[in-house]
């Protein structure tokens, strides 16, 4: 099955935020070796994700989460009935997902800035021909 440029651009968007599968990322990387247009689109998506990450306000954890964590680490491993002491994380999933996404985008942005700085250094060191 042949992948179109439109599909590669969709994969590039997913790849820029780390949501592409390993196979999709590998296929995209192979394609970008021969397609400057898709490589440029991938870079633009990465830059947009970086800019979005920088715009996000810090997310404060819900009230009482520290106390629950501390109390859960000091409790016994099982309850009186012998059941496992399991914390239902489903109610906090959105908070953890937002925190993980923010951290990922911040780290990705840091990496992108380092790459841009390296490109500028390389460009500045490249000899220019005098006409």
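Values quoted throughout were computed directly from the atomic coordinates according to the rules given, and no laboratory measurement underlies them. No experiment lies behind these values; they were computed from the predicted model shown. Glycine gets a Cβ as well: all are built from the backbone with ideal geometry, and neighbour counts include every protein chain shown.
Given a Förster distance of 30 Å, report the FRET efficiency between residue 3 and residue 117 from their Cβ-Cβ distance, rounded to the nearest 0.05. About 0.40, to the nearest 0.05. In this structure, residue 43 and residue 72 have a Cβ-Cβ separation that, at R0 = 41 Å, corresponds to a calculated FRET efficiency of about 0.40. The residue 59 and residue 14 beta-carbon pair, evaluated with R₀ = 25 Å, returns a calculated FRET efficiency of approximately 0.60. With a cut-off of 20 Å on the backbone N, the residues of segment 98-122 near the modelled label site 7 Å out from residue 51 along Cα-Cβ are 102-120. Between residue 99 and residue 22, the modelled labels are 2.8 nm apart [label points 7 Å from Cα along Cα→Cβ].
Among 4-16, 103-115, the peptide with the highest mean count of other Cβ atoms within 10 Å heads the list, and the full ranking is 4-16, 103-115. Peptides 38-51, 21-34 ordered by packing proxy, namely the average of other Cβ atoms within 10 Å per residue, highest first: 38-51, 21-34.
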